[in-house]
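A.B. asks: Below is one structure. I have some questions about it.
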Amino acid sequence: MALKKIVVTGLGSTSPLAGNAPDTWAALLAGKSGARTLEQEWVSKYDLPVTFAAQIAVSPDEVLERVETKRLDPSSQFALIAGREAFADAGSPEVDPGRLAVDWATGIGGIWTLVDAWEVLREKGPRRVMPMTVPMLMPNGPGAAVGMDLHARAGIRTVVSACASSTESIVNAYEHLQAGYADVVIAGGSEAAVHPLPVASFAAMQALSKRNDSPETASRPYDVSRDGFVLGEGAAALVLETEEHALARGAKIYAEVIGGAVTSDAYHITAPDPEGSGAARAVLNALAVTGARLDEVIHINAHATSTPVGDVAEYAALRRVFGELLDNIPISATKASTGHLLGGAGAIEALFTVMALHTNTAPPTINVHDIDPDVSIDLVTAPRPIGTGVAISNSFGFGGHNAVAAFRSYPR
């Protein structure tokens, strides 16, 4: 069966940089950082070793109705904001609800609801636990919120694959459109884990940067002085549809989705395979879906979390795939600006990859002053023209999850 052309027609986000997709992209190009010192009382209450994170820039209270914020965990609030924006940006397509689907993702889900409910149970007893606790804490809650709001009846699916989750949701959306399950799919991911428990847990793993005196410069992918990632939160959504459907309704098209792939390392629950073999297979498989050549790749949005081990492992995978070609492929590591959105990271980085192709501009990687000699790449440190071609977005997660989405410039 011949492959259909799948295109991106809508983008939405709420992030540590801004409350919507255009402003987030503008802030990224301007080299801004979303990391800042946490002002919450729980930082001192629990004597947390890390006192900063990349929190959402615009509170959902400023965007959603009060009843929505009361009945949704923050992870679902973020999803609803991003999903609505993406759908509106796509022109609010008039599509049969039975042909509209949602492929969503999260790494952790409703942790605020879960832990708050446990504290209520311990301190006040079972009668004070909210009836909406289970729907609010479910990992599928964010996807369900988007699907119910947009009346999507072709399926609402949720991926939970740690930090590879929302890239996998985009891969799933592509495959579901190819299979004919829907004409339009809202794909993305969200995370709301800037909470004392994840902060303490990631810090205990030595995964977080401890640059409490300089949050804005803490995330520094590939720099010799990198010491861990910056925890972030937010959501991003992409509207995918068949080119035939998009053209028939006169939609604007940002880019073409040419494929995606998911592999696994089966190596370690938290550490990546140092040889990058599983990650390399994901890149190769994503490009192979439509037969894209390695020399067509003009841009990479790297997973690049700013951890000493992870950055080198991803480099090993990319070198394994591209060989000498890698030397001339502009690479952006945008977590330096947004922090690490965990299950939402792949979605916002896919959005950045699409915008890079749409605007012919690779976004900058901030905070890198002395690149690791073990990482020989063309790192983009200021906005740079990239021409037209293929771009990939990489995501890798605890459990050995690897997911890669591949996009191509769309003629305008």
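The values are calculated or read from the model by the stated rules, or taken from the named source; none is laboratory data. All of these numbers come straight from a predicted model, not from anything done at the bench. Heads up, the Cβs are rebuilt from the backbone with ideal geometry, glycines too, and the neighbour counts pull from every protein chain shown. The area values use the complete protein model at the heavy-atom level, side chains included, leaving out ligands, DNA and RNA. Shrake-Rupley method; radii C 1.70, N 1.55, O 1.52, S 1.80 Å.
A.B. asks: Give the number of residues within segment 37-78 that are open to solvent by less than 40 Å² (accessible area, probe 1.4 Å), under 23 Å from Met205 (Cβ atoms) and of a type in the set (Gly, Ala, Ser).
C.D. replies: Of the residues in segment 37-78, 3 are open to solvent by less than 40 Å² (accessible area, probe 1.4 Å), under 23 Å from Met205 (Cβ atoms) and of a type in the set (Gly, Ala, Ser).
A.B. asks: Anything in segment 319-351 that is surrounded by fewer than 24 Cβ atoms within 10 Å (Cβ to Cβ), of a type outside the set (Gly, Ala, Ser) and either touching a residue at least 24 places away in the same chain (Cβ under 8 Å) or touching a helix residue (DSSP H, G or I) at 6+ places or on another chain (Cβ under 9 Å) (or both)? List them, or say none.
C.D. replies: Arg319, Arg320, Val321, Phe322, Leu325, Leu326, Asp327, Asn328, Ile329, Pro330, Ile331
A.B. asks: Can you tell me how many residues within segment 387-400 are surrounded by fewer than 24 Cβ atoms within 10 Å (Cβ to Cβ) and closer than 27 Å to Thr270 by Cβ?
C.D. replies: Residues in segment 387-400 being surrounded by fewer than 24 Cβ atoms within 10 Å (Cβ to Cβ) and closer than 27 Å to Thr270 by Cβ: 3 in total.
A.B. asks: A further question follows. Would you pick out the residues in segment 319-340 that are part of a loop (DSSP other than H, G, I, E, B) and touching a Gly at 6+ places or on another chain (Cβ under 6 Å)?
C.D. replies: Hit for segment 319-340 is Gly339, nothing else.
A.B. asks: Could you list, in sequence order, all residues of segment 295-306 that are touching a strand residue (DSSP E or B) at 6+ places or on another chain (Cβ under 9 Å) and over 26 Å from Leu231 (Cβ atoms)?
C.D. replies: Glu296, Val297, Ile298, His299 - these are the residues of segment 295-306 that are touching a strand residue (DSSP E or B) at 6+ places or on another chain (Cβ under 9 Å) and over 26 Å from Leu231 (Cβ atoms).
A.B. asks: Filter segment 164-209 down to residues that are small (Gly, Ala, Ser) and surrounded by fewer than 24 Cβ atoms within 10 Å (Cβ to Cβ) and give me whichever is nearest to Gln40 (Cα to Cα).
C.D. replies: Restricting to residues being small (Gly, Ala, Ser) and surrounded by fewer than 24 Cβ atoms within 10 Å (Cβ to Cβ), the top hit is Ala200.
A.B. asks: Taking Gly260 as the residue in question, decide whether it is open to solvent by less than 20 Å² (accessible area, probe 1.4 Å), farther than 22 Å from Ile371 by Cβ, in contact with a His (Cβ under 6 Å, 6 or more places away or on another chain) and at pLDDT 95 or above.
C.D. replies: no
A.B. asks: Considering only residues that are among the hydroxyl-bearing types (Ser, Thr, Tyr) and closer than 7 Å to Gly259 by Cβ, which ones fall in segment 274-293?
C.D. replies: Result: Thr290, single match.
A.B. asks: Let me ask something else about it. Would you please list the contacts, defined by Cβ atoms under 9 Å and residues six or more apart or on different chains, that run from a residue in segment 113-127 that is closer than 26 Å to Asn140 by Cβ to a residue that is of a type in the set (D, E, K, R)?
C.D. replies: From residues that are closer than 26 Å to Asn140 by Cβ, the pairs are Thr113/Asp73; Leu114/Asp73; Val120/Arg128; Leu121/Arg128.
A.B. asks: From the list Ala280, Ala218, Ala246, pick out the single residue that is surrounded by 20 or more Cβ atoms within 10 Å (Cβ to Cβ) and farther than 23 Å from Pro330 by Cα.
C.D. replies: Ala246
A.B. asks: Evaluate the following for Leu318: is it farther than 17 Å from Thr167 by Cα, at pLDDT 95 or above and under 20 Å from the mean Cα position of the chain (by Cα)?
C.D. replies: yes
A.B. asks: Quick check, is Thr270 at negative phi, touching a Leu at 6+ places or on another chain (Cβ under 7 Å), surrounded by fewer than 24 Cβ atoms within 10 Å (Cβ to Cβ) and modelled with pLDDT under 95?
C.D. replies: no
A.B. asks: Among the candidates Val63, Val67, Val58, single out the residue that is touching a helix residue (DSSP H, G or I) at 6+ places or on another chain (Cβ under 6 Å), among the hydrophobic types (A, V, I, L, M, F, W, C) and free of Cβ contacts under 8 Å to residues at least 60 places away in the same chain.
C.D. replies: Of the residues listed, the single one that is touching a helix residue (DSSP H, G or I) at 6+ places or on another chain (Cβ under 6 Å), among the hydrophobic types (A, V, I, L, M, F, W, C) and free of Cβ contacts under 8 Å to residues at least 60 places away in the same chain is Val63.
A.B. asks: Also: Does at least one position in segment 390-407 carry a residue that is modelled with pLDDT of 95 or more, farther than 22 Å from Ala79 by Cβ and assigned to a loop (DSSP other than H, G, I, E, B)?
C.D. replies: no
A.B. asks: Now for a different question. Determine, yes or no, whether Ala356 is under 25 Å from Gly276 (Cα atoms) and crowded, with 21+ Cβ neighbours inside 10 Å.
C.D. replies: In short, no.
A.B. asks: Could I ask something else about it? Within segment 292-318, restricting attention to residues that are assigned to a loop (DSSP other than H, G, I, E, B) and open to solvent by less than 50 Å² (accessible area, probe 1.4 Å), which residue is nearest to Met355 (Cα to Cα)?
C.D. replies: Selected residue: Ala302.
Let's see how each residue does on (1) of a type outside the set (Ser, Thr, Tyr); (2) over 21 Å from Phe352 (Cα atoms); (3) touching a Leu at 6+ places or on another chain (Cβ under 8 Å); (4) not in a helix (DSSP H, G or I):
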| residue | (1), (2), (3), (4) |
| --- | --- |
| Arg127 | yes, yes, no, no |
| Pro131 | yes, yes, no, yes |
| Gly188 | yes, no, yes, yes |
| Leu197 | yes, yes, no, no |
| Ala203 | yes, yes, yes, no |
| Arg220 | yes, no, no, yes |
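A.B. asks: Counting just the residues of segment 1-28 that are of a type in the set (A, V, I, L, M, F, W, C) and assigned to a loop (DSSP other than H, G, I, E, B), which one comes out least open to solvent (accessible area, probe 1.4 Å)?
C.D. replies: Applying the filter and picking the extreme gives Ala18.
A.B. asks: Of Gly31, Gly91, which residue is under 30 Å from Leu247 (Cα atoms), modelled with pLDDT of 95 or more and surrounded by fewer than 17 Cβ atoms within 10 Å (Cβ to Cβ)?
C.D. replies: Among Gly31, Gly91, only Gly91 is under 30 Å from Leu247 (Cα atoms), modelled with pLDDT of 95 or more and surrounded by fewer than 17 Cβ atoms within 10 Å (Cβ to Cβ).
A.B. asks: If you don't mind, another one. Determine which single condition Asp213 fails, assuming it passes every other condition in (1) within 28 Å of His358 (Cα to Cα); (2) open to solvent by 40 Å² or more (accessible area, probe 1.4 Å).
C.D. replies: So Asp213 meets the others, but not (1).
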